[in-house]
1. Averaged across orientations, what area in nm² does the convex hull of the alpha carbons in the chain project?
2. With only Lys, Arg, Asp and Glu charged, each at its Cβ (+1 for the first two, -1 for the last two), find how big the charge dipole of the chain is about the Cα centre; round to the nearest 20 debye.
3. Which percent of the accessible heavy-atom area of the chain goes to carbon and sulfur, probe 1.4 angstrom?
4. If I take R0 = 30 Å and measure r between the Cβ atoms of Gln113 and Lys62 in this structure, what FRET efficiency does the formula 1/(1 + (r/R0)^6) give, to the nearest 0.05?
5. If each of Glu17 and Thr80 carries a label point 7 Å out from its Cα toward its Cβ, how far apart are those two points in nm?
6. How many angstrom separate the Cα center of the stretch 25-64 from the Cα center of the stretch 82-104?
7. Specify the longest stretch of the chain that does not include any exposed loop site, a site being one of the trypsin sites (Lys or Arg not before Pro) with a non-H, G, I, E, B DSSP assignment and at most 12 other Cβ atoms within 10 Å.
Amino acid sequence: MRRGAEGWEWLVVHVTESPLPVGEEVDLSVDREHRTALSAGHTACHLAALALNAVLADRWRKEARPDSLGNPDFDQAAITSSRIEPHGSVDVYRLGKSLRKKGFSAEDLDPAQVAAQVNELLAGWVAADAPVRVEVPGPELTARRTWHCSLPEGEASIPCGGTHLTRTSELGRVSVALTLDDAALTMRTTVSMC
């Protein structure tokens, strides 16, 4: 269902090992280290997607929807799965016929060369100590949250309701490794926090 659909409510659910009586008072605690590790992976995932878009920009033969930095949004056009992990993420992109019809050419794509260029951009963005924030327009769970990062190239934004670090420098070092197989490009992003 879409957010705001009539007759549907969106709620946060905390799974417990056993049922609790209605009205029972409970304490909820957050594992700060684990949350920070996931926040780092999530922030790095967005930065890596934007860097990948920039590096692959010259592979588009047709006009494509741009990302917030003005590059063709390969990430959104080709993503099939994205998994945030502690201190990283794994993103899989399809490179098949439908993406070719949209104007993207994967011919002679060298994953190692692309990764090197992405890593160079990421190093600059981490060194820039750019501020990161999530804009929340209202208190509702369905309010459309947006991730923002003030990069040297401009203000980057991506719809996102997850948790993030507050500055790119908190990431320490971000690197990606790319593999290409069966018309799919897999990007593994790794964060080495200081």
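1. On the way: hull surface 55.9 nm².
The number I arrive at for the chain is 14.0 nm².
2. Values: 20 positive and 27 negative charges, 148 e Å.
With only Lys, Arg, Asp and Glu charged at Cβ, the dipole is about 720 debye.
3. Values: 5920 of 11810 Å².
Ligands and nucleic acids excluded, carbon and sulfur reach 50 percent.
4. Details: r = 23 Å, r/R0 = 0.77.
Working from the Cβ atoms, E equals 0.85.
5. Placing both labels 7 Å along Cα→Cβ, they lie 3.9 nm apart.
6. So the separation of the two Cα centres works out to 13 Å.
7. Details: sites that count: Arg2, Arg3, Arg61, Lys62.
Formally, the longest exposed-site-free interval is 63-194.
The values are calculated or read from the model by the stated rules, or taken from the named source; none is laboratory data. The shown structure was predicted, so the numbers you read here are calculated from the model rather than taken from an experiment. When we count neighbours, we look across all protein chains shown, and the Cβ atoms used for this are built from the backbone with ideal geometry, even at glycine. To get the accessible areas, we keep the full protein, side chains included, count just its heavy atoms, and leave off ligands, DNA and RNA. Shrake-Rupley method; radii C 1.70, N 1.55, O 1.52, S 1.80 Å.
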